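**Student:** Quick one: the structure is below, questions incoming.
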Amino acid sequence: MSILIKNGRIITATDDYTADIFIEGETIQSIGKNLNVHADEVIDASGKLVMPGGIDPHVHLDMPFMGTYSSDNYETGTRAALFGGTTTVIDFILQTQGKSLQSALQEWKGRSDNNAVGDYSFHMAVTDFNEETKKEIQHFIEKEGITSFKTFMAYKGALMIDDRQMVGLMQEVKKHGGLINVHATNGDMIDFLIAKHKSEGKFSPLYHYLSQPEVTEAEASSRFADMADYTGCPGYIVHLTCEGALNAVRFATRRNQHVFVETCIQYLILDASVYEQDFEGAKWVMSPPLREKKDQETLWAGLNQGLVNVVATDHCPFMWEQKLMGKDDFSKIPNGHPAIENRMELLFSEGVSKGKITLNKYVEVASTNAAKIFGMFPKKGTIATGSDADILILDPNEKHTLSAKNHHMNVDYSAYEGRELTGKVKTVLLRGKVVIDNNECKVEKGYGQFVKRNKVTGKI
């Protein structure tokens, strides 16, 4: 099967030009002006932007959490991602304390194998680092193609590891060419504040926010950066939300250290005022919580300064009925919100259309940097000869409104209900096949493939 995309304005992290793209099989064969080739299908992209498919390196599909499961599975979640222009996601496997990493991998593969519509990979969350776990690290990096290891500095008794384990894991991961990504919040302080608020009879979603003040994230981000600097291990802070945490990363640059930073689309757009809506605020209960307007300004600036490298989602949706588990106690509200389908269009509308970031920066933080950081570049994350033909065609001028009535995520509300956007995904290709066209999915579950990743360099 061959496809010729004609007359599109091609945008990569570094380039901006008008040309044709010839695709044969799963990869891009040639790029040039007025290509004289025969193709089985011709797509006229005149007046549209042609960009690499989005990469969301932070999603939670079919994830067990707080006695329930996130409501998008590998079929519904990766399909919704495709509708929104994201062609590859990276999900998190969670090790069960007391069990091996391999057993966790098999559990997650049981949910993902032959079920994904879009491409996917895994991070491995290490919740119990010991001598046996240590022996598994090299195998995961070199044989499984899973080169990033998640750690939690919060959720004590379930996911959190201590600093001794963190340093030991960093040393082993560095030795074999991997990376540590971290949930950087001070779990002990947060647990203290949760207990304090509940003892005072404060149970509304507002107190989820007030139990995780900025200092809890700033302190943990600084401590993580110090440990990564000491061990020399590449470090990546997931879902960074606030000025204090980014200032910890800024400080690290003064000793010639680079810490990778990911923020999420919600932290750029939404703020903590939503928690004042009584229990309706449960829609936005996530960890870390939404922050203040000044933090949004810091994050947009961080993108342009090169301090914030990636915009992800931390997509972890729950049905409203599931959120109601915490109607009488904010600490029992399942944490997470839906955004896997909205990220690319929200970032374009709020960032590019409003002049906050350039088109090249958009591609860089929505696709290319994730591919580079996590060992998928140039197979993924760019438009180049030999790269996978993962392509997003977007109309930069079309206006549309986000709503739960027309989204494809398996969740019964939208975190962005009624928001009007400028810029609409029109056509999406994944590995040389048109998978989304005219708001219709053209492939079934099982088309998505697991992406084995290369060792990381710690550089982009």
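The values are calculated or read from the model by the stated rules, or taken from the named source; none is laboratory data. Treat the numbers as computed from the prediction; the structure is a model and nothing was measured. In this analysis, Cβ positions are derived from the backbone assuming ideal geometry, glycine residues included, and neighbour counts consider all displayed protein chains. Accessible surface is based on the protein model in full, side chains and every heavy atom, while ligands, DNA and RNA are left aside. Shrake-Rupley method; radii C 1.70, N 1.55, O 1.52, S 1.80 Å.
**Student:** What's the total number of residues in the stretch 58-86 that are open to solvent by less than 10 Å² (accessible area, probe 1.4 Å) and either basic (K, R) or not in a loop (DSSP other than H, G, I, E, B) (or both)?
**Tutor:** Number satisfying all stated conditions: 9.
**Student:** May I pose another question? For the stretch 451-460, what are the residues that are of a type outside the set (D, E, K, R) and surrounded by fewer than 16 Cβ atoms within 10 Å (Cβ to Cβ)?
**Tutor:** The answer is N454, T457.
**Student:** Same structure, new question: Can you name the residue in the stretch 28-51 that is in a strand (DSSP E or B) and of a type in the set (G, A, S) and, of all such residues, is least open to solvent (accessible area, probe 1.4 Å)?
**Tutor:** Among residues in the stretch 28-51 that are in a strand (DSSP E or B) and of a type in the set (G, A, S), the one least open to solvent (accessible area, probe 1.4 Å) is G32.
**Student:** Please go through the stretch 87-142 and pick out each residue that is open to solvent by less than 10 Å² (accessible area, probe 1.4 Å), in a loop (DSSP other than H, G, I, E, B) and more than 22 Å from A370 (Cα to Cα).
**Tutor:** Once the filter is applied, which keeps residues that are open to solvent by less than 10 Å² (accessible area, probe 1.4 Å), in a loop (DSSP other than H, G, I, E, B) and more than 22 Å from A370 (Cα to Cα), the stretch 87-142 yields Q95, T127.
**Student:** Looking at the stretch 334-352, which of the residues that are part of a helix (DSSP H, G or I) and not charged (D, E, K, R) is nearest to the chain's Cα centre (by Cα)?
**Tutor:** Only one residue tops the list, namely M344.
**Student:** Follow-up. How many residues are free of Cβ contacts under 8 Å to residues at least 24 places away in the same chain, in a loop (DSSP other than H, G, I, E, B) and among the charged types (D, E, K, R) when one looks only at the stretch 428-460?
**Tutor:** Looking only at that region, the number is 1.
**Student:** Might you check whether a residue that is over 21 Å from V238 (Cα atoms) and surrounded by 14 or more Cβ atoms within 10 Å (Cβ to Cβ) occurs anywhere in the stretch 156-163?
**Tutor:** no
**Student:** Out of the stretch 266-280, which residues are assigned to a helix (DSSP H, G or I) and either open to solvent by 30 Å² or more (accessible area, probe 1.4 Å) or farther than 19 Å from N342 by Cβ (or both)?
**Tutor:** Residues satisfying the conditions are A272, S273, Y275, E276, D278, F279, E280.
**Student:** Okay, next question. Quick check, is G67 within 30 Å of E136 (Cα to Cα), of a type in the set (G, A, S), in the same structural domain as C316 (by the TED database) and modelled with pLDDT under 95?
**Tutor:** Criteria met by G67.
**Student:** Pull out all pairs, ordered by first then second residue, where Cβ-Cβ is under 6 Å, the residues are six or more apart or on different chains, the first lies in the stretch 183-205 and is under 26 Å from H123 (Cα atoms), and the second is open to solvent by 70 Å² or more (accessible area, probe 1.4 Å).
**Tutor:** G187/K156
**Student:** OK, next. Which of the following residues is open to solvent by 20 Å² or more (accessible area, probe 1.4 Å), touching a Leu at 6+ places or on another chain (Cβ under 7 Å) and either more than 16 Å from K356 (Cα to Cα) or not in a helix (DSSP H, G or I) (or both): L324, L307?
**Tutor:** L307
**Student:** Here is a follow-up. For the stretch 379-395, how many residues meet the condition of being over 12 Å from T14 (Cβ atoms) and either part of a helix (DSSP H, G or I) or not small (G, A, S) (or both)?
**Tutor:** Total meeting the criteria: 10.
**Student:** For the stretch 183-197, enumerate the residues that are open to solvent by less than 70 Å² (accessible area, probe 1.4 Å) and either under 24 Å from E262 (Cβ atoms) or of a type in the set (G, A, S) (or both).
**Tutor:** H183, A184, T185, N186, G187, I190, A195
**Student:** On the basis of being out of contact with any helix residue (DSSP H, G or I) (no Cβ under 6 Å at 6 or more places or on another chain) and either modelled with pLDDT under 95 or closer than 27 Å to F318 by Cβ (or both), does V435 make the cut?
**Tutor:** no
**Student:** Same structure, new question: Residues that are β-branched (V, I, T) and open to solvent by less than 40 Å² (accessible area, probe 1.4 Å): does the stretch 210-230 have at least one?
**Tutor:** For the stretch 210-230, residues β-branched (V, I, T) and open to solvent by less than 40 Å² (accessible area, probe 1.4 Å): present.
**Student:** Farther than 23 Å from N73 by Cα and touching an Asp or Glu at 6+ places or on another chain (Cβ under 6 Å) - does that describe any residue in the stretch 428-442?
**Tutor:** Yes, some residue in the stretch 428-442 is farther than 23 Å from N73 by Cα and touching an Asp or Glu at 6+ places or on another chain (Cβ under 6 Å).
**Student:** Could you tell me which residue of the stretch 355-378 is surrounded by the most Cβ atoms within 10 Å (Cβ to Cβ), considering only residues that are basic (K, R) and in a helix (DSSP H, G or I)?
**Tutor:** Looking at residues that are basic (K, R) and in a helix (DSSP H, G or I), I get K372.
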